[in-house]
Amino acid sequence: MRGRRTSWRALPSIAVALFLATAAWPADDERPAVEPTYEVRAALTETLSRLVRELFQERNDDGLAYRRGSFSHSFRAAPPDGWQVTFHRDTADRDRLRTERLLLTLQQQDGAWRVVDERVQGTFDGLVRGYVGDEEFHRFDRFSLDHEGLVITARNGSLYTDRFAGRLYRIVITAEQLEQRYAPPPHGTSFQAAAAWDYLTTKTPEKFEFAPEHVGLTCDPEECDRLLASAFTGLRPVAIEETDPALRRLYEEFRDEQERELRENGFRGFATPFEPGRRFLAVVVKKKGADDRLWLLHDSWAGWEVRFGATEYGTFLGYYSQQTLAGDVTPYDLEQRDDADARDYDLRAVAGTVELALADHSTMTGDVTFRLVTKRALRVLPFAIARLMRGGGIKSQFRDPSLVIDSIQNEQGRELTWVRVGSYGGVVVLPAEVPGGTRLTLRMQFTNEGAIYKLSPSYSRVARGGWLPFVRFSDTLEELDLTVKVPARYKTLGVGRKVHESTAGEVTTTRWVADGQVAFPTIIFGDYVVRQPAFRAERNDGTPIDVTIHVDRDGMTDWNIRPKQLPTLAEQAANALNLYREIFGVDYPYDKLDLVNDPMGFLYGQSPASIVYLGSAAFRGEGILVAAVGPWTMKSARSLVAHEVGHQWWGGIVTHANDRNYWFVESIAEYASALYLEAINEREDREKGWKAYLGEVERWREQVVHADLFGSVQHARSLNGGAYHAAIYAKGPYALHMLRMTFGREKFFTFLENLATELNGRPVVTRDIQRVAEETFGVPMDWFFDQWIRGTGLPEFELVYDTRATEDGNWLIEGKLIQRVVVGNPRHELTGVQFGGFVSVTAIGKKSKREYPTRLALEGAETPFMFKIPEKPGKLLLNKDGEMLSRKVEITRKRD
């Protein structure tokens, strides 16, 4: 349902888009705006646009563009016959960007509008960058780095250093003897990290054990200074000609790339300096003679401060630093650590107006007010808008938006300064540092060009995650009041409750208000075919929930969808709403649920508050999907709607606190879809319902077994592709099935209800879920969560047994259950690791075919057992209902 976020703070070279400074405002800035006529506005705009062009045509001594401008489209009358407007002028020096917010007065002279007065309202010069030419070169005798599991040594080498804002931030090393080795440190790793490392270094040792060609270090200035002073011996400055040929080649490539990028954009590379107190070290090791790399990232602002990765696998390990673990912190404290891009503020409310596809089909304009609360002492406040993905799969393309700011104002309506640095990210720069807990209100008037992708005449979409400034993909809002304007031929679908709709001329206006918290706010508009279910969903008080299917008209034709197929999905959604209201004990918070197709997807879904997006293939009949693609599509199609409706509770009502604890949003929604299939089929026959449920359990097992899953469920965000999907969409829900089989149906369903009711409206981490489990089941649950959520690996079982008649007329069955734990695909055994839990051994009577189950508590590598049944056994079944997730089961009779 959701995606990961990328912090603009990752490295100094990652620039940010907008800056805002609140200097003193003169009386002129507070004068009420009076709208000029259309003709006067056009003439004023042309004069200002010419000024922008003239600024951009200016060149510095190096022949680079170094000045630019932008202006507000809000004009104020300046009696007797002039107009005033806010204008921003940027000047890029070698290593610093200066922004001036100007108040320009324009008057008509000789039939043309001209600038007759210019007043500086505010200045900001807090953006800095590095530049080519300040690098220094050294030779050294020895180098040694031992950091969070990564050890690098070098002899007889060369290096060059680079600076950012005049301070050291990058060191590149080559050497005659350069070696590296890595192993997850025991102080910061879990069983997951150790097992994954053991497996991967056995499977592909060449990705991790190699001779380095060079090493690059990027660090905060204090860390870089410390390394240069303590990690090298025999360090001495030299001319570039005295360094290794390999280092000279690396430097020349770096220099040429920097100069090329600067020629293309004279404003590239500006960012805020590293803040004091933030420790950052990125180590990248390049393999000699190949394009393979491994890296270690240590960022004290990240959730997992230390992350390790390698070519092919990506960044697949995350853990806490030795310094953090040495402090007075609990596991719960660690799980609650903010992600790097969520440590600054909480967004509380969004209100305003957006216009979609009115000027042209790809442009959005907005006048939106954001209310937020700072989470720590801040001088700068980051925000970003999302890129719009076009197409699917690995080769997905992105349309880069172009955010044009018309005006940024404070709560009193005073104009603020902003600085453009990039096209889709930015920060607000406050006039002075504010403490944590400060409430801020910012009004932004903007245009986002390239924000809308028009797929067909009847279907357009925006980037759903962060399509508004300041709104991040994971934000949960307390208030939403959004007015949306679209071309009159389209219908708008929004989040929450539609309180107004009107059409005037060629524009339809709707207003959407949310009565409760909103996760993942979104807007969609199109020309739809609409259907509703034959029965209704209801809230606890009996009020109806308006469930409606929307498929765009071109999509109906392109995907060969028949109108009579649509009510089926609406009925699935209505059934799921009614079922989940009862199971989770928390009412659905909205009075409607819109399901809308997405032609850019196949069998997939996303579930913002009160809206469900479904890939257009989901609207085809099951028989057609099976014939065209394969039988797997039938299972996916049957549970897809129920899964996405489940997100209205898991991800909507109960939200995740950070990326590291996102897994349950998908895992519980997926498990809910299995409960839906069980309930729907149970209406005909109880056994049929149980069979449908177990079919989903087996499907999850198959996904886990066939995936190269070497990471844990909780750490799934660090996995790629199929392993990520198997972890949270299969292993996570299977863990819930194991809880049901371990503690019984009644206690398990009490657990689900307790989860929803106790965690309602809260940002949740994994140990919140564990706490509810322990309170519900009445036993410590570390063993379970350590194995199945925080750990990795799957047990394999072998049951060895024999039978004999006893003197009392019964039959004795005795033997032992042998387990070993394996990880990955191909499987790799984890030495000395065993899982605990419960599995069943079921004897089938030879004549009666009656089942005689007994439950075994696993006790290490071998678990002996002995039980009697009243007749001769025919065969034995192990783990009949999948009580424990296992890779395989073998049953051997001794005498055979």
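Read-outs: derived from the displayed coordinates by stated rules, not from any lab. Note that the structure is a prediction, hence the values are computed from the model and not measured. Cβ sites come from the backbone with ideal geometry, for glycine too, and all protein chains shown count toward neighbours.
Other residues with beta-carbon under 15 Å from the beta-carbon of Arg98 carry, at +1 per Lys or Arg and -1 per Asp or Glu, a net charge of +2. Local charge for Pro221 was computed over the other residues whose Cβ lies under 10 Å away, with Lys and Arg +1 and Asp and Glu -1, and equals -1.
Relative to the current alpha-carbon distance between Glu35 and Gln177, full extension at 0.36 nm per residue lengthens the span by 44.0 nm.
Distance distribution P(r), segment 656-696, all Cα-Cα pairs, bin width 5 angstrom from 0: 6, 26, 20, 14, 11, 9, 8, 5, 1 percent.
For segment 811-859, the equivalent ellipsoid derived from the alpha-carbon gyration tensor has semi-axes of 30, 13, 9 Å in decreasing order.
From the alpha carbon centroid of segment 265-295 to that of segment 757-814 is 44 Å.
Starting from the Cα coordinates of segment 60-157, work out the convex hull volume and express it per residue in Å³. Cα convex hull per residue, to the nearest whole number: 177 Å³. Taking Lys and Arg as +1 and Asp and Glu as -1, the other residues whose beta-carbon sits under 11 Å from that of Glu571 total +2. For the chain, the longest principal axis of the alpha carbon atoms and the long axis of helix 191-203 meet at an angle near 90°. Across segment 737-896, the convex hull enclosing all Cα atoms gives 140 Å³ per residue.
Which one of Gln606, Tyr801, Phe751 is farthest out on the positive end of the charge dipole of the chain, using unit charges on Cβ (Lys, Arg +1; Asp, Glu -1) and the Cα centre as origin? The one lying farthest along the dipole's positive direction is Tyr801.
The phi-based Karplus calculation (6.51 cos²θ - 1.76 cosθ + 1.60; θ = phi - 60°) puts the 3J(HN,Hα) values of segment 755-770 at 4, 5, 6, 6, 9, 4, x, 10, x, 10, 10, 4, 6, 5, 5, 4 Hz, whole numbers, x for Gly and Pro. Each peptide in 58-66, 575-583, 776-784 was scored by the mean count of other Cβ atoms within 10 Å over its residues; highest first, the order is 575-583, 776-784, 58-66. In degrees, nearest 10, range 0 to 90: what is the angle between the Cα axis of helix 245-264 and the longest Cα principal axis of the chain? The angle comes out at about 60 degrees.
Cross-link partners of Lys287 among lysines, defined as those whose alpha carbon lies under 30 angstrom from its own and excluding same-chain residues fewer than eight positions apart: Lys203, Lys207, Lys395. Please state the shape class of segment 460-585: rounded when a/c is under 1.5, otherwise prolate if a/b exceeds b/c and oblate if not, all from the C-alpha gyration tensor. Cα axes put segment 460-585 in the oblate bin. Express in % the proportion of alpha carbon pairs of segment 422-524 at distances exceeding 15 Å. So the portion of pairs separated by more than 15 Å is 71 percent. Backbone phi angles across segment 147-154, fed through the Karplus curve with coefficients 6.51, -1.76 and 1.60 (θ = phi - 60°), yield HN-Hα couplings of 9, 6, x, 9, 10, 10, 10, 8 Hz in residue order; Gly and Pro are listed as x. Once the Kirkwood radius over Cα pairs is known for segment 219-259, the Stokes-Einstein relation at 4 °C and 1.567 mPa s delivers a diffusion coefficient of 107 µm²/s. Compared with the dominant principal axis of the Cα atoms in the chain, helix 686-706 is inclined by about 60°. Rounded to the nearest whole Hz, the Karplus-based 3J(HN,Hα) values (6.51 cos²θ - 1.76 cosθ + 1.60, θ = phi - 60°) of segment 158-171 follow the sequence 10, 8, 10, 10, 10, 10, 10, 6, x, 10, 4, 9, 8, 9, with x at glycine and proline. Which one of Leu150, Trp811, Leu566 has its Cα pushed farthest toward the positive end of the charge dipole of the chain, where Lys and Arg give +1 and Asp and Glu give -1 at the Cβ? Positive-end residue among those listed: Trp811. Across segment 192-343, the convex hull enclosing all Cα atoms gives 180 Å³ per residue. Comparing Leu325, Trp113, Val238 along the charge dipole axis of the chain, the residue lying farthest to the positive side is Leu325, per the Cβ-charge model. Mind checking the dipole of the chain: about its Cα centre, +1 per Lys or Arg Cβ, -1 per Asp or Glu Cβ, Debye to the nearest 20? About 1940 debye. Rounded to the nearest 5, what is the percent of antiparallel bridges among the DSSP beta bridges in the chain? Percent antiparallel among DSSP bridges in the chain is about 90. With the alpha-carbon atoms of the chain aligned to their principal axes, the span from lowest to highest coordinate is 118, 77, 49 Å, starting with the largest.
Structural descriptor for the chain: relative contact order 9 percent, calculated from alpha carbon pairs under 8 angstrom and at least 6 residues apart.
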